[in-house]
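The values are calculated or read from the model by the stated rules, or taken from the named source; none is laboratory data. These numbers come from a predicted model, not from an experiment. Note: ideal-geometry Cβ built from the backbone for every residue, glycine included; neighbour counts use all protein chains shown.
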Amino acid sequence: MDNLIIKNSILEKIKTYENIIIVRHVKPDGDCMGSSLGLREILRASFPEKSIYSVGGKKADYLEFIGSEDEEPSEEVYKRSLLIAVDTATFGRIDNNHATLCPEIIKIDHHLPMDDYGHINYVREDLPATCAIIVDLYNTFRKELVMTQRAAKALFVGMVTDTGRFRYSGVDANFMRLVAILLEYDLNIEEIYANLYIREKEILKLQGYVLKNFKTTNNGVAYFNMSKRVCRKHRVSSSDASALVNMLDSIKEHLIWIFFIEHEDGTFRVRIRSRYVAINELAERYSGGGHKQASGALVRNKREMKKMLQEADLLLLEFKKGNPGVF
Ligand code: AMP
């Protein structure tokens, strides 16, 4: 369906509900928190008579500076609410246990479309952040929707973080025009970047350890096993440690890089990143998914980790054969 038709149907649906609950995915990042809180602020300012909630489970402390989510509404409220799920490719990844109670769901996302779980599914693979989809929605209905500085700050953070500070593919003139809309709201850029990128000294020491100890496969997959022991030794939480995946992003001839982060139960969260090579299907084979060049998955033990690395290595070998001269 045409994007404008979908956008119209989203706005119409929003208008028909008195209660709207916005949810996002588990393990929140800047884009899902930014799109949830940004959309909430726009809707609150645009429709002050409505009750708009942004809710989720475990939060990310480092993103508190863009705002806080709301208390869980009662089940009765869910039953009368429109649910808007942002930045969440599959229904199972929604960080909320009551989503099925809502009579209707709108999905707003930019991941590869794996699961059309919404009554309206608005998926924009051409935009590199869900926050950009929200800004575009605002821009389309400027006469009816109200942007605020709080909304602009949250949305800007999502657009900065999901593009690695405007470095990844998908950053184009249209995307930057959407960023420019937010910059009209007098954002304190220095404060935003300080909140996102100033780090504890323990993290910096762990960065040094990662750079010294990462491993590589024969054909150029760089990887690091962020074990419980390494996290303990450096006094860094596994979620903070997992954020270091892109330490391995600029190694010559290494077009795929992977972090394995050990969970308490000995299984591993996998964060896979790549340049040029599509790794999402590899992730899907290991209970995961995501984007062509940024996906997540799960491996149950070291044997599965080894198998996944072999598959990644083969994938890269095939890619290099078909694309000689690419770094
Ligand atoms: P992460 O490494 O957790 O930042 O994930 C990279 C991308 O893959 C994000 O867009 C996630 O939403 C997505 N992703 C991560 N884990 C999974 C999973 N288990 N299933 C589907 N998508 C995932």
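Observations on the structure shown:
- Hits in the range 258-308 (condition: more than 16 Å from K27 (Cα to Cα) and among the aromatic types (F, W, Y)): Y276, Y286
- Hits in the range 196-227 - residues which are on the phi < 0 side of the Ramachandran plot, in a loop (DSSP other than H, G, I, E, B) and not polar (S, T, N, Q): I198, R199, E200, F214
- Just one residue in the set V230, V179, V160 is among the hydrophobic types (A, V, I, L, M, F, W, C), touching a residue at least 60 places away in the same chain (Cβ under 8 Å) and assigned to a helix (DSSP H, G or I); that residue is V160.
- In the range 163-176, residue modelled with the lowest pLDDT [restricted to those that are of a type in the set (S, T, N, Q) and either outside the structural domain of A129 (by TED's automatic domain parsing) or in a loop (DSSP other than H, G, I, E, B) (or both)]: S169
- For E144, the conditions (1) of a type in the set (D, E); (2) outside any loop (DSSP other than H, G, I, E, B); (3) within 24 Å of E49 (Cβ to Cβ) all hold with the exception of (2).
- Enumeration of residues in the range 79-95 that are within 15 Å of the ligand (Cβ to nearest atom) and assigned to a loop (DSSP other than H, G, I, E, B): D87, T88, A89, T90, D95
- From the options L255, L282, L309, residue that is aliphatic (A, V, I, L, M), without any contact (Cβ under 8 Å) to a residue 40 or more places away in the chain and more than 8 Å from the ligand (Cβ to nearest atom): L282
- Residues in the range 107-123 that are more than 14 Å from I10 (Cα to Cα) and within 14 Å of the ligand (Cβ to nearest atom): H110, H111, L112, P113, M114, D115, Y117.
- Scanning the range 258-279 for residues that are without any contact (Cβ under 8 Å) to a residue 40 or more places away in the chain, in a loop (DSSP other than H, G, I, E, B) and surrounded by 19 or more Cβ atoms within 10 Å (Cβ to Cβ) yields one hit, I279.
- Qualifying residue in the range 131-154 (condition: at pLDDT below 95, under 20 Å from the mean Cα position of the chain (by Cα) and of a type outside the set (A, V, I, L, M, F, W, C)): no
- Scope the range 15-49; condition part of a helix (DSSP H, G or I) and within 14 Å of the ligand (Cβ to nearest atom); matching residues: G30, D31, C32, M33, G34, S35, S36
- The range 58-85 residues that are outside the structural domain of Y122 (by TED's automatic domain parsing), paired with ones that are outside any helix (DSSP H, G or I) (beta carbon under 9 Å, 6 or more apart): none
- Identity of the residue in the range 100-128, at pLDDT 95 or above and of a type in the set (A, V, I, L, M, F, W, C), that ends up nearest to E75 (Cα to Cα): L101
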